[in-house]
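Below: the structure, in C-alpha cells.
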Amino acid sequence: QVQLVESGGGLVQAGGSLRLSCATKRSIFELDYTGWYRQAPGKQRELVAVLPRRGPTNYAEFVKGRFTISRDNVKNTLYLQMSSLKPEDTAVYYCAIGHLGPTFWGQGTQVTVSS
C-alpha cells in the first residue's frame with residue numbers, strides 16, 4: 001500500500017495563498033499520473049489539476065491562472081500552489097498518484113477560504 005501524506009491546508013482570507021504538499025516514500029519519477037482533487041461539502045469530488053509524466057498539464061477551468069501543480073521527483077513530493085483564493089475554493093483537497101490514473105489517494109487536507 002502506498003501512503004500519501006498531505007500538508008499545507010488551513011484557513012486563509014480571500015485573495016490569499018496556500019501551498020499544499022503531498023509526500024510519499026514511493027518513487028514518483030516513473031509514475032504517469034499525479035494530480036490534485038477537491039471535495040466541497042455536499043458536492044462530488046472534482047479534478048483540480050493533473051501533471052502527467054509526459055504530456056501537458058491539465059487544469060480545471062475554475063483554477064486556471066490561479067493554481068500551479070508541480071512535482072519534485074527527488075523528494076517524491078507533489079505540490080499545489082494556490083493563489084488568489086476564493087471562498088468557493090473551500091474544500092478538502094486530495095492528492096492522487098498512479099500509472100494510468102488516480103490509484104492511490106492521500107487522506108485529504110482542509111482548505112477554508114473566508115470572505
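Taking H placed 1.01 Å from N in the peptide plane, check which residues at least 5 places from residue 77 or on another chain put their amide H under 5 Å from its amide H.
Residues meeting the criterion, in which the H sits 1.01 Å from N, are 72.
In a Debye calculation with equal point scatterers on the alpha-carbon sites of segment 20-80 and no solvent, what is log10 I(q)/I(0) at q = 0.12, 0.14, 0.18, 0.25 Å⁻¹?
Those come out to -0.30, -0.41, -0.65, -1.08, one per q.
Just grab the label-to-label distance for residue 75 and residue 100, each label 7 Å out from Cα along the Cβ direction, in nm (one decimal).
In this crude spin-label approximation the distance works out to 3.2 nm.
Net charge near residue 70: determine it from the other residues with C-beta under 14 Å of the C-beta of residue 70, scoring Lys and Arg +1 and Asp and Glu -1. Could you put the intermediate results ahead of the total?
On the way: positive: 19, 53, 71, 75; negative: 72.
Once positives and negatives cancel, what remains is +3.
Between residue 47 and residue 11, what is 0.36 nm times their sequence separation minus the Cα-Cα distance? Round to one decimal in nm.
Numbers: separation 36, 0.36 × 36 = 12.96 nm, distance 2.12 nm.
That pair, residue 47 and residue 11, stretches by 10.8 nm at full extension.
Average the reciprocal distances over every distinct pair of alpha-carbons in the chain, invert the result, and give the Kirkwood radius in Å. Numbers along the way, then the final one.
Working: mean 1/r = 0.0716 Å⁻¹.
Value: 14.0 Å, from the Cα pair sum.
At a Förster distance of 25 Å, what's the computed FRET efficiency of residue 40 paired with residue 107, Cβ-Cβ distance as r, to 0.05? Write down the numbers at each step before the final one.
On the way: r = 17 Å, r/R0 = 0.68.
For residue 40 and residue 107, the calculated efficiency is 0.90.
Using Cα positions and a limit of under 20 Å, work out the lysines in reach of residue 75, with same-chain residues fewer than 8 apart set aside.
By straight Cα distance, residue 75 reaches 25.
Roughly how far apart, in whole Å, are the Cα centres of segment 52-115 and segment 1-49?
5 Å
Give the accessible surface of segment 1-114 per residue, rounded to a whole number of Å², with probe radius 1.4 Å and ligands, DNA and RNA excluded.
Details: 6110 Å² over 114 residues.
In whole numbers, segment 1-114 has 54 Å² accessible per residue.
What nm value, rounded to one decimal, do you get for the distance between residue 25 and residue 83 when each label is placed 7 Å out toward the C-beta?
3.6 nm
Give the aspartates and glutamates whose C-alpha is closer than 20 Å to that of residue 64, dropping any in the same chain fewer than 8 places away, or say none.
Here the aspartates and glutamates satisfying the reach criterion relative to residue 64 are 46, 88, 89.
The values are calculated or read from the model by the stated rules, or taken from the named source; none is laboratory data. For clarity, every value in this text was computed on a predicted model and none was experimentally measured. We place every Cβ from the backbone using ideal geometry, glycine too, and count neighbours over all the protein chains shown. All accessible areas refer to the heavy atoms of the entire protein, side chains included, with ligands and DNA or RNA removed. Shrake-Rupley method; radii C 1.70, N 1.55, O 1.52, S 1.80 Å.
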